[in-house]
Structure formats: C-alpha cells, structure tokens
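Q: The structure that follows is given in the form of structure tokens.
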Amino acid sequence: MMQDKHDNPNPPARSQIKPGSAVWIIEKENYGTTNYKQGIVKEVLSPGVSHPRGIKVRLTDGTVGRVQWLM
C-alpha cells in the first residue's frame, strides 16, 4: 500500500492506543490531504498489531479513521 506524503510514516502501534486515548486520525475520504481530526478513542477496530496507514479506531463521536498521532 502506498502512503501519501502527508501520512505519518511511523503511526502508533495498536499497543499504544487504548479507549480514552486522545489522538489525531485521518478518515478514508481524506487520505492524501491534511484534513486530520482530533478526538478520543472509543473503540479500537483493527485486529492487527500495526498497519501502514495507522490503526483503525472509532472516536467517541462515531467517526472512524486511522490513527496518525497520539496527542
């Protein structure tokens, strides 16, 4: 999978992301942009330990995206 120049080249691992974590995510429709969203993790959705684009999460407001940075 090719990463965009805006993506974090080393997104946090699943072990670093817990419900209640404050994060910056990128939603699928915003890949390739700098349109990041911040929020609090409600649920970790990715089953694997890592993913090239970031671990997929659901925020408390229901938004789903991939974690780029921890706050």
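Q: Which of the residues that make up the range 53-71 are closer than 18 Å to Asp7 by Cα and surrounded by 12 or more Cβ atoms within 10 Å (Cβ to Cβ)?
A: Within the range 53-71, the subset closer than 18 Å to Asp7 by Cα is 53-57, 64-71.
Hits for the range 53-71 are Arg53, Gly54, Ile55, Lys56, Val57, Val64, Gly65, Arg66, Val67, Gln68, Trp69, Leu70.
Q: Related question: Quick one: Asn30 ticks every box in (1) over 16 Å from Pro11 (Cα atoms); (2) of a type in the set (S, T, N, Q); (3) under 11 Å from the mean Cα position of the chain (by Cα) except a single one, so which number is it?
A: (3)
Q: How many residues does the range 14-46 hold that are surrounded by fewer than 16 Cβ atoms within 10 Å (Cβ to Cβ), of a type in the set (A, V, I, L, M) and touching a Ser or Thr at 6+ places or on another chain (Cβ under 8 Å)?
A: 1
Q: Could you list, in sequence order, all residues of the range 14-58 that are within 11 Å of Leu70 (Cα to Cα), touching a residue at least 40 places away in the same chain (Cβ under 8 Å) and either among the charged types (D, E, K, R) or in a helix (DSSP H, G or I) (or both)?
A: Matches in the range 14-58: Gln16 only.
Q: Let me ask something else about it. Within the range 14-30, does at least one residue satisfy the condition of being among the β-branched types (Val, Ile, Thr) and modelled with pLDDT under 95?
A: Taking the range 14-30 as the starting set, the residues that turn out to be among the β-branched types (Val, Ile, Thr) are 17, 23, 25-26.
Still in the running and modelled with pLDDT under 95: none.
Taking every residue of the range 14-30 in turn, none turns out to be among the β-branched types (Val, Ile, Thr) and modelled with pLDDT under 95.
Q: Would you mention how many residues in the range 59-71 are among the β-branched types (Val, Ile, Thr), assigned to a strand (DSSP E or B) and under 16 Å from Lys18 (Cβ atoms)?
A: Adding up the residues that qualify gives 1.
The values are calculated or read from the model by the stated rules, or taken from the named source; none is laboratory data. Please read these numbers as outputs of a predicted model, since none were measured by experiment. So basically every Cβ, Gly included, is an ideal-geometry build from the backbone, and we count neighbours across all protein chains shown.
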